[in-house]
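The values are calculated or read from the model by the stated rules, or taken from the named source; none is laboratory data. Predicted model, so just to flag it, every value in this text is computed and none were measured. Cβ placement follows ideal geometry from the backbone for every residue including glycine, while neighbour counts extend to all protein chains displayed.
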Amino acid sequence: MSDYTKLRNCELFLFDMDGTLYLGDEVYDGAIALMDDLPNLGKQYIYLTNNSSRAGTDYITRLRRLGFPCEKENIFTSGMATGQYLNQRHPGAKVYLAGTRAFYRELVSYGIDLVNDENGHTDAFDVDVVVQGFDTELVYEKLDKAVHYLRRGAAFIAANPDWVCPMPAGA
């Protein structure tokens, strides 16, 4: 017989999304029912992801479309973590982002001083920090600029360290 005392005493549950609650647009059996039941049991939850290619607001829209309950306070992404980290550890730093336009907007919302535009274009000679995300919009210019800044001594932050990226049909 299982003892669920520790589980019943938990007040906050953290859930990975991609490959855990759903894969692509396929929601795993029982996932939505679980998320619907937690508030009824007096429990809170946060959806987590290390995928920096989408902003927190994008995930709210996606989760709701898939049928999950979701509000702003239920989401925490690696992009959000990166924005907080930069503000705490590198306040006022000049940052070059090699990431998606959504990640760019996420960092701007945290007041990060990005030297490049949403597409990675910049004329800046030096930067303090290079941030690399899961970039589905990657072009050679971003790699070239990032390497240039790293060779000149910029700090490096990887916002999406992931050995496995869950994909439908193992693609």
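Give the stretch 1-22 a look and list any residue that's of a type in the set (A, V, I, L, M) and farther than 28 Å from THR77 by Cβ, or say none. Reasoning before the result, please.
Initial filter on the stretch 1-22 (of a type in the set (A, V, I, L, M)): 1, 7, 12, 14, 17, 21.
The one that is of a type in the set (A, V, I, L, M) and farther than 28 Å from THR77 by Cβ: MET1.
Sort through ALA81, ALA33 and tell me the only one that's aliphatic (A, V, I, L, M) and closer than 27 Å to LEU97 by Cβ.
Numbers: ALA33 fails: closer than 27 Å to LEU97 by Cβ.
Selected residue: ALA81, the only one of ALA81, ALA33 that is aliphatic (A, V, I, L, M) and closer than 27 Å to LEU97 by Cβ.
Only one residue in LEU107, LEU86, LEU97, LEU150 is touching a strand residue (DSSP E or B) at 6+ places or on another chain (Cβ under 7 Å), touching a residue at least 12 places away in the same chain (Cβ under 8 Å) and within 30 Å of GLU11 (Cβ to Cβ), so which one is that? Please lay out each step first, then the result.
Numbers: LEU107 fails: within 30 Å of GLU11 (Cβ to Cβ); LEU97 fails: within 30 Å of GLU11 (Cβ to Cβ); LEU150 fails: within 30 Å of GLU11 (Cβ to Cβ).
Selected residue: LEU86, the only one of LEU107, LEU86, LEU97, LEU150 that is touching a strand residue (DSSP E or B) at 6+ places or on another chain (Cβ under 7 Å), touching a residue at least 12 places away in the same chain (Cβ under 8 Å) and within 30 Å of GLU11 (Cβ to Cβ).
Kindly list, by first and then second residue, each pair from a residue in the stretch 115-137 that is buried (at least 17 other Cβ atoms within 10 Å of the Cβ) to a residue that is acidic (Asp, Glu) and part of a loop (DSSP other than H, G, I, E, B), limited to pairs with Cβ atoms under 8 Å and residues at least 6 apart or on different chains.
Matching pairs, first to second residue: PHE134/ASP162.
Would you point out which residue out of ILE157, ILE112 is buried (at least 21 other Cβ atoms within 10 Å of the Cβ) and modelled with pLDDT of 95 or more? Quick ask: steps written out before the conclusion?
Numbers: ILE157 fails: buried (at least 21 other Cβ atoms within 10 Å of the Cβ).
One residue alone meets the criteria, ILE112.
What pairs come up if the first residue lies in the stretch 15-40 and is of a type in the set (Phe, Trp, Tyr), the second is surrounded by 13 or more Cβ atoms within 10 Å (Cβ to Cβ), and their beta carbons are under 7 Å apart, counting only those six or more places apart or on different chains?
That search, which allows pairs on different chains as well, returns PHE15/LEU21; PHE15/TYR45; PHE15/TYR47; PHE15/LEU48; TYR22/ALA31; TYR22/LEU66; TYR28/LEU21; TYR28/TYR22.
All but one of (1) of a type in the set (Val, Ile, Thr); (2) out of contact with any His (no Cβ under 7 Å at 6 or more places or on another chain); (3) under 15 Å from ILE157 (Cα atoms) hold for VAL129; which doesn't?
VAL129 satisfies all of (1) of a type in the set (Val, Ile, Thr); (2) out of contact with any His (no Cβ under 7 Å at 6 or more places or on another chain); (3) under 15 Å from ILE157 (Cα atoms) except (2).
Of the numbered conditions (1) modelled with pLDDT of 95 or more; (2) more than 30 Å from ALA155 (Cα to Cα), LEU97 satisfies every one except a single condition; which is it?
All conditions are met except number (2).
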